[in-house]
1. Restrict the check to region A:535-553 and report whether at least one residue is out of contact with any His (no Cβ under 9 Å at 6 or more places or on another chain), β-branched (Val, Ile, Thr) and within 10 Å of chain B (Cβ to nearest Cβ).
2. Take region A:698-708 and flag every residue that is surrounded by 16 or more Cβ atoms within 10 Å (Cβ to Cβ) and within 16 Å of A:LEU678 (Cβ to Cβ).
3. Identify all residues within region A:522-559 that are farther than 20 Å from A:ASN497 by Cα and among the hydrophobic types (A, V, I, L, M, F, W, C); write none if there are none.
4. Report yes if B:PRO102 is open to solvent by 40 Å² or more (accessible area, probe 1.4 Å) and more than 21 Å from A:TRP553 (Cα to Cα), otherwise no.
5. Working only within region B:84-99, note down all residues that are open to solvent by 40 Å² or more (accessible area, probe 1.4 Å) and more than 13 Å from B:VAL153 (Cα to Cα).
6. Pick from region B:345-377 the residues that are open to solvent by 30 Å² or more (accessible area, probe 1.4 Å) and among the basic types (Lys, Arg): which of them is farthest from B:ILE391 (Cα to Cα)?
7. Hey, could you check region A:461-505 for residues that are more than 14 Å from A:TRP449 (Cβ to Cβ) and β-branched (Val, Ile, Thr) and say which is farthest from the other protein chains (Cβ to nearest Cβ)?
8. Can you tell me which condition A:ALA563 does not meet? The list is (1) in contact with a Cys (Cβ under 6 Å, 6 or more places away or on another chain); (2) more than 20 Å from A:LYS629 (Cβ to Cβ), and all the others hold.
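The values are calculated or read from the model by the stated rules, or taken from the named source; none is laboratory data. None of the values given here were measured: they were computed from a predicted structure. Cβ sites come from the backbone with ideal geometry, for glycine too, and all protein chains shown count toward neighbours. These area figures cover heavy atoms from the full protein model, side chains too; ligands, DNA and RNA do not enter into them. Shrake-Rupley method; radii C 1.70, N 1.55, O 1.52, S 1.80 Å.
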Number of protein chains: 2
Amino acid sequence: MSGREKTTGRVTIPTDIDVVPETIEVMKLWGADAIRDCDGTEFPQQLARTGAKVYATYYTTRKDNAWAERNPDEVQQCYLMTGFHMSAGEEMKIPLLQGISPELVQINLRDDPYRWWEIIDRTSGAILPPDEWRYDETSVTIPRPRPYHEYTVSFLAYLIWDPVHMYNAVVNGWENFEKQRTFDVRQPKTRAHSMRRLRNFLEANPQVNVVRFTTFFHQFTLVFDELRREKYVDWYGYSASVSPYILERFEKEAGYAFRPEYIIDEGYYNNQYRVPRREYLDFMAFQRREVAALAREMVDICHEYGKEAMMFLGDHFIGTEPYMEEFSTIGMDAVVGSVGNGSTLRLISDIQGVRYTEGRFLPYFFPDTFKPGGDPVREAKENWLCARRAILRSPVDRIGYGGYLKLALEFPDFVDYVAKVCDEFRTLYDKVKGAKPFCFAKIAVLNCWGKMRSWGCHMVHHALYQKQNYSYAGVFEILSGAPYAVDFLSFDDVLENPDRLSEYDILMNVGGEETAHTGGACLENAGLVSALRGFIARGGGFVGVGQPFGHRWQGHVLQLSQALGVEYENGDTLGYDKYNWEEKPHFITADISDIDFGEGMRGIYALPGADVLAVRDLSVQLAANSCEKGRAVYIGGLPYSPQNARLLHRALLWTCGREKDILTWGTDNPHVDVHAYLDQQIYAICNNSYLPQSAEVYTREGAHFNVDLSEGELRWGEIPAE
Amino acid sequence: MSGREKTTGRVTIPTDIDVVPETIEVMKLWGADAIRDCDGTEFPQQLARTGAKVYATYYTTRKDNAWAERNPDEVQQCYLMTGFHMSAGEEMKIPLLQGISPELVQINLRDDPYRWWEIIDRTSGAILPPDEWRYDETSVTIPRPRPYHEYTVSFLAYLIWDPVHMYNAVVNGWENFEKQRTFDVRQPKTRAHSMRRLRNFLEANPQVNVVRFTTFFHQFTLVFDELRREKYVDWYGYSASVSPYILERFEKEAGYAFRPEYIIDEGYYNNQYRVPRREYLDFMAFQRREVAALAREMVDICHEYGKEAMMFLGDHFIGTEPYMEEFSTIGMDAVVGSVGNGSTLRLISDIQGVRYTEGRFLPYFFPDTFKPGGDPVREAKENWLCARRAILRSPVDRIGYGGYLKLALEFPDFVDYVAKVCDEFRTLYDKVKGAKPFCFAKIAVLNCWGKMRSWGCHMVHHALYQKQNYSYAGVFEILSGAPYAVDFLSFDDVLENPDRLSEYDILMNVGGEETAHTGGACLENAGLVSALRGFIARGGGFVGVGQPFGHRWQGHVLQLSQALGVEYENGDTLGYDKYNWEEKPHFITADISDIDFGEGMRGIYALPGADVLAVRDLSVQLAANSCEKGRAVYIGGLPYSPQNARLLHRALLWTCGREKDILTWGTDNPHVDVHAYLDQQIYAICNNSYLPQSAEVYTREGAHFNVDLSEGELRWGEIPAE
């Protein structure tokens, strides 16, 4: 962080009633210009005089148990499915809440179960007619089940404890507190009440400049078991956004009857690995429209009181997914979200339709890190260097921290490191905000979800590792800081306008077979697959990772196997002899050895003519192939690492025939990136590692020089006029 | 091989015109009583005087090029599919023989291509109508293909070189020989000719006692590429059993129109991993009936001349699969087959409907093994110890060797070892033939094929290793020598008579998801799945290996996951937290550590309540679970090894609640087996290893003693009367 200059602004810090003088000191040190209030305390009036903006967290769906208790019919609801229960042929009873926390939910018997529940014979797939079952307060009874068939019950339940509140209480071991009940702002009584409640809040808190909604109306799916352990989580899940009130309105709009199965989805709850059905997409679209309209009312009220409205990206954000067109109609001023890595930074910074975005950086000032022996500086470095790659491509407008400031103050190294980060961020922001970073090519990432899951593909819970997905999520982490323009397109986007592909240089598809990431039965649509093949044949690039476009249909598993030059062995082709196993030298691997394919893929073999670049344990992990005028690269898996980022860069350049560009705006050291901003005539040389690095830097064609960078250094240079 | 006694008979050896005295010497040494003639030579008349039976190899479909050339319309045919060809939207030409040896096949333009070929749009799945394509001598032209769709051509070709003859010629580097053309005995002219030809042969060769048919009428699928490399092989494949003559008769019987796709099957040629379609099953049944009737005619002719008829299990054996009911109607005297391991031994020895079976043991007396530095004794030991396990359960009636006797004579150690094997075999046979070996339980192996693929499940080519299947094939190798009665049932068998399951103690299902081994869409049949669940619930055992009953349907991948207590993670359940990972001590693993699961399975997690016995790299590889009155064991993969045989034995005993039987008819050493024959009041203690072994032997309940066995020793004991 050489060449550091002292600047101020664009930084938010937390405060507390007991650290007023320290808050003022940290504000100066970090150049902070905004303060987050603290949950459940009075705002320190002394801080109002600092001129800093004041953020106030606002919960639309909880922190008003009196209301929730007076209006039990408008408590929030969710759809749940029981486990699978096998019949022995005699009358059977299915307990509804087995394996589900009774603190979290309460069965909804208020709305007619015969209308809103569904008992499914999961062996035959048939729905059990209402006259073949009955219910009581805890269970469903099937008097005459078919022997040895399995049955499930899909039922509605009230969320009698807010799932995030429960999570915080359990994780932090809270004692002696009141469980916050939820209420559904979408329903008429609560809606009217909530608007009054927001006005009351604004009137009672004149010091607040920014209302930080946490969040709006519907919690992503988060269920706990009887032992208070997390049972199910889906950061994008809609199953807690339901109620008969909402569903009846949906039926009216959709023109067809709602079925619980549209939400339950065999117990998979339409998570992002599932190929979404039309009815679920319809329901999501309906919810987004309704939520946006209602959120707009609240935002308008904030504006009426002269306050800004900010949305937290998470918790009750279902229906306000920022990448969908409805979002910009809300009129929100800002979005703030947690930054776990580069992908989650882009999840925030790429949002359109707000005036500014803000990233909440790690570590939170919580006792898990800020304890004797803790190393918050290391965590902060990891977080910053990871996120900085992405900020250089698409900056958030502000950064900030959360937690208990008092804890951070006990780590002066940390306070100093963050001061440097804040300065570096401001310098960076001043230089690159609004600038278009140089991109080698334009990439379309294709899957069933498209824009809706931009940067969040494969994410089950916010930025959390999964053994089954890090080899795929790594690709997006690489792209979040890579010199490429990246769009996320759905198959429907392509079908609506196949010409749209011509805007792109490269297609990518990443994931396992028979998932929404690769397409499943969508790939039986000849219009879709021929559009993809045509794109490549006409000269487009294609990078496929895992089991790209993987669906068993008409002689292929990988539907673009002919372009990729590889196929997946599922047993069906064991009779075919495979002779193409020899690893060949290639541009893509020219300066890379010992590649980490993460979990890699099993059972991939190369077709004749393809160039095999890497084989592990008798499975091809990397291959390159030409197909008519286009080129394609297959990769078995690609966790994030500097070397893999370089590998993908080389692969992407090769697919679009720009091999020579490897000597432009880059370096010979995978730990050191170069980001160029041609209109601004500047570039950044960026050491992404925790060690000093030396690198040969390539700027414009033919120009290069050597640099030595200190640990994590970001160095700016000017592009001389030609 | 202590306690060896000199005996004679039950052994066949090869001979040649240049080793007559040596043949007589080896006959004495090995106690051989039959001699195989040598292909293409005169039979040495001196040997006729030895009293040995004389076998003569007889080729029904080749070795008569004059006939084949005079009757090109009755040359054998096969269905082939071209590769996938992508259209650019303009007229396209698909070369038919690209990638296929022109020495092997010739396109059939004699029968109307518009009737017998099929051009399929593999992107949409649609058949191209005849007016949208044309053909010439080498290709098919599609004037107006849909842009960027892929097309394949399914066409008929003549087999102008017998595939096995080609294989032998290529592998042995033959030069200056005539390629043997094929002819189709099923067709009228060739049928009449073939019957005459057989009579002529029998009349011209009075010294022959046994006509060894190699084989009957249709070669299993075996295709070579332009470089004479094997391109595709399926030991059970029917694609070379077709001709318009046959197909028209099939149509008449089946009552519906034939489609080339019934054979082509998207290019997968209905190999045993594919869930068979009804039409293919119909076609197989039709072929078996027709082939059996025609084979019977030939067998009758042999009998008329006082000769025995023996069938080689392989090559042109399509339609004579010995496990189907038609087989016994042929009236064959014997079957001979190659013994690669225990499974292939059982493939021969379990055949019903013949007077005797014979196993051809390894190594063949060929120069690849019998060369300076070669170790034929080692190969013979491996083969014998592997096969002996299976012989002790179900003996072949004879053993034999093949190749050039002259080569074997140069290895006196080998000659001596085989002499011991022959004596051991005869002793063993005398004791156990007709005896019922003691079985702990009765097992039904379930898959789409059932009896048809008994002992050959997962076999692509005869006994050949495949990385993708050795972890499954190993289960059958274990069972081939294990103290259990094993039947192979098809799903259709269960559907026809669900009560049939009650004959068994344990169900097994072995293989990868969405294959014929595990069931695919057949598992959407509620009658089938509820029958399986009912069997377990009523107290049956279940052992599942790999992705047993794996088909994505109604919330499960493994359709019996609730019984197994494990499920496969395909991404759809990443949102569910999994807490059951701790390995527990268990009866199954009580005396076993460091288990080899072969390829094992990725992504298997345990359900709550199941006992996890082994986890590798975050995937459960071994688990035990109770389900109502039944018990189930999950295993990720199980290559053959003595320890894995023991593991499976323990697992099987546990599933049927017979844990205490581990101290009956067994040992404490995985290398040492005990086989008991209660009616005969004898038992065999068998050292399956190449090293001396010590073991505690358990006979009847409570009785046990220690033995020291020499390398590979088989020791017999008597069961005292109680």
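1. Among the residues of region A:535-553, at least one is out of contact with any His (no Cβ under 9 Å at 6 or more places or on another chain), β-branched (Val, Ile, Thr) and within 10 Å of chain B (Cβ to nearest Cβ), which makes the answer yes.
2. A:TYR698, A:THR699
3. If the condition is that a residue be farther than 20 Å from A:ASN497 by Cα and among the hydrophobic types (A, V, I, L, M, F, W, C), then A:VAL543, A:VAL545, A:TRP553, A:VAL557, A:LEU558 are the ones that fit.
4. It is true that B:PRO102 is open to solvent by 40 Å² or more (accessible area, probe 1.4 Å) and more than 21 Å from A:TRP553 (Cα to Cα).
5. Those that are open to solvent by 40 Å² or more (accessible area, probe 1.4 Å) and more than 13 Å from B:VAL153 (Cα to Cα): B:ALA88, B:GLU90, B:GLU91.
6. B:LYS371
7. A:VAL486
8. Condition (2) is where A:ALA563 drops out.
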